[in-house]
Amino acid sequence: MFKTRLTEMLGIPHPIMMGGMQWLSTAEFVAAAANAGVMAFLTAETFLTADEFREEIRKTRRLTDKPFGVNISMLPELGRGERSLGFAKVAAEERVTAAETAGNDPAFLVPVLKDGGIKIFHKVPTLRFAKKAVASGVDGIIIVGFECGGHPGMDDVPLSIMLPRAVDELSVPIIAAGGIADARGFAAALCYGASGVLIGTRFVATSESTMHETMKRRYLEVTERDTTLIMRTLNNPMRCMKNRATGQALEMEARGAGLLELLTIVGGKIGREMYAKGDPEGVPIACGLAASLIHEIKPIAAVVNEIISGAHAILSRIRTLEVA
Ligand SMILES: Cc1cc2nc3c(=O)[nH]c(=O)nc-3n(C[C@H](O)[C@H](O)[C@H](O)COP(=O)(O)O)c2cc1C
């Protein structure tokens with residue numbers, strides 16, 4: 001067992017979080033991760049209304065007695081302040097354990113979430129945003145490197161630099177994210193001074209992941225050369241596996257398309273449809289470089305146990321200087 005500030009703060013056995021993933025992080029997936037000892041986040045943006053979100057929180061509670069959290073992703077292009085606030089109020093009323101905020105300044109959500117006794121972890125790609133969030137009262141920072149699935153920010157800095165920078169500059173617990181798929185990444189993050197890790201891509205390729213099997217199997221084929229960044233022209237790049245939809249999005253961007261046109265490819269409606277249908281070409285699918293390290297779909301508990309026992313083995317080898 002690894003005891004860190006994160007395990008103490010949240011009452012979880014392992015310093016591992018599963019990042020919120022739109023369309024996927026529903027009650028079944030989040031409860032399965034919670035039961036494996038991971039802090040997982042129900043993604044509010046998957047739900048059309050705050051009431052549907054409340055129902056999903058209650059459903060998760062019926063599936064697990066372990067702590068879990070919510071992800072509130074603010075989409076900067078759409079200016080969804082009121083919507084995020086509504087989700088935060090529900091999370092506070094339902095008294096979930098933790099919140100992962102992302103995408104925009106969380107200051108307006110902090111008092112609401114704190115009223116519900118929720119520990120807030122803000123996810124950012126840069127120190128500038130991290131410092132601002134800490135000043136507004138968040139409890140921890142999830143620092144994402146350029147390798148990550150989803151939104152790596154505009155600065156293109158890998159986790160090997162962002163993580164020690166964040167550890168040096170901030171006093172709150174730092175959670176490392178981006179490119180972590182196994183015991184080596186986990187152990188390295190702890191060596192850099194992280195209090196825990198947050199993983200997305202590796203957990204998509206698990207037995208309990210709610211992603212359609214056809215899409216899920218694609219993660220096993222992705223190498224380190226098979227992801228791409230779309231939406232950089234909107235100042236909000238997203239790392240996805242290369243497919244027909246990312247090709248179309250990049251063509252649109254090359255000829256100067258704006259948000260409205262891009263939404264025909266990346267918008268919520270098409271995302272919901274294609275994820276339900278399991279079309280691996282019809283929509284951009286967020287995917288980190290860590291996919292190149294995944295070779296098998298297995299249960300979440302098996303992934304977690306391999307990370308924890310593998311990290312013990314690595315660290316004891318290093319302690320005795322028996323290294324490769
Ligand atoms: C399929 C998928 C969907 C994601 N959706 C969201 C989301 O809705 N909100 C969010 O904050 N992050 C989202 N992310 C990012 C993850 O929460 C996490 O930050 C990221 O996956 C960590 O990097 P890794 O993929 O290298 O592990 C998504 C990632 C993936 C792979």
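The alpha-carbon atoms of the stretch 212-315, seen along their principal axes, cover 51, 29, 19 angstrom, with the largest extent given first. For ASP105 and LYS298, FRET efficiency with R0 = 30 Å and r from the beta-carbon atoms, rounded to 0.05? Using R0 = 30 Å, I get an efficiency of 0.20. Dipole check for the chain: with +1 at the C-beta of Lys and Arg, -1 at the C-beta of Asp and Glu, and the Cα centre as origin, the magnitude is about 380 Debye. Which pairs in the list LYS59/LYS131; LYS132/LYS298; LYS3/LYS131 are over 29 Å apart, alpha-carbon to alpha-carbon? In this structure, LYS59/LYS131; LYS132/LYS298 exceed 29 Å between Cα atoms. The Rg/Rh ratio of the chain, with both radii computed over alpha carbons and Rh defined as the Kirkwood radius, is 0.94. The modelled label-to-label distance for the pair THR49/CYS191, using points 7 Å beyond Cα in the direction of Cβ, is 5.2 nm.
Cα centroid separation, the stretch 251-301 to the stretch 90-165: 23 Å. Taking the Cα centre of the stretch 214-277 as reference, the dipole from Cβ charges on Lys and Arg (+1) and Asp and Glu (-1) amounts to some 240 debye. The calculated FRET efficiency for GLU281 paired with ARG95, based on their beta-carbon distance and R0 = 56 Å, is about 0.85.
Dipole of the chain computed with +1 at Lys/Arg Cβ and -1 at Asp/Glu Cβ about the Cα centre; of THR228, PRO67, ILE57, farthest Cα towards the positive end is PRO67. Projecting the Cα atoms of VAL38, PHE146, VAL283 onto the charge dipole of the chain, computed from C-beta unit charges around the Cα centre, puts VAL38 farthest toward the positive end. Quotient of the Cα radius of gyration of the stretch 105-250 and 2.2 N^0.38 Å, N being its number of residues: 1.11.
From least to most packed, judged by other beta carbons within 10 angstrom and beginning with the fewest, MET9, MET162, MET154, MET39 follow the order MET154, MET9, MET162, MET39.
Any read-out appearing in this document is the output of simple, stated calculations on the displayed coordinates, not a laboratory observation. Bear in mind that the values here come from a model prediction, so they are computed numbers and not experimental data. Here Cβ is always computed from backbone atoms with ideal geometry, including for glycine, and neighbour counts include all displayed protein chains.
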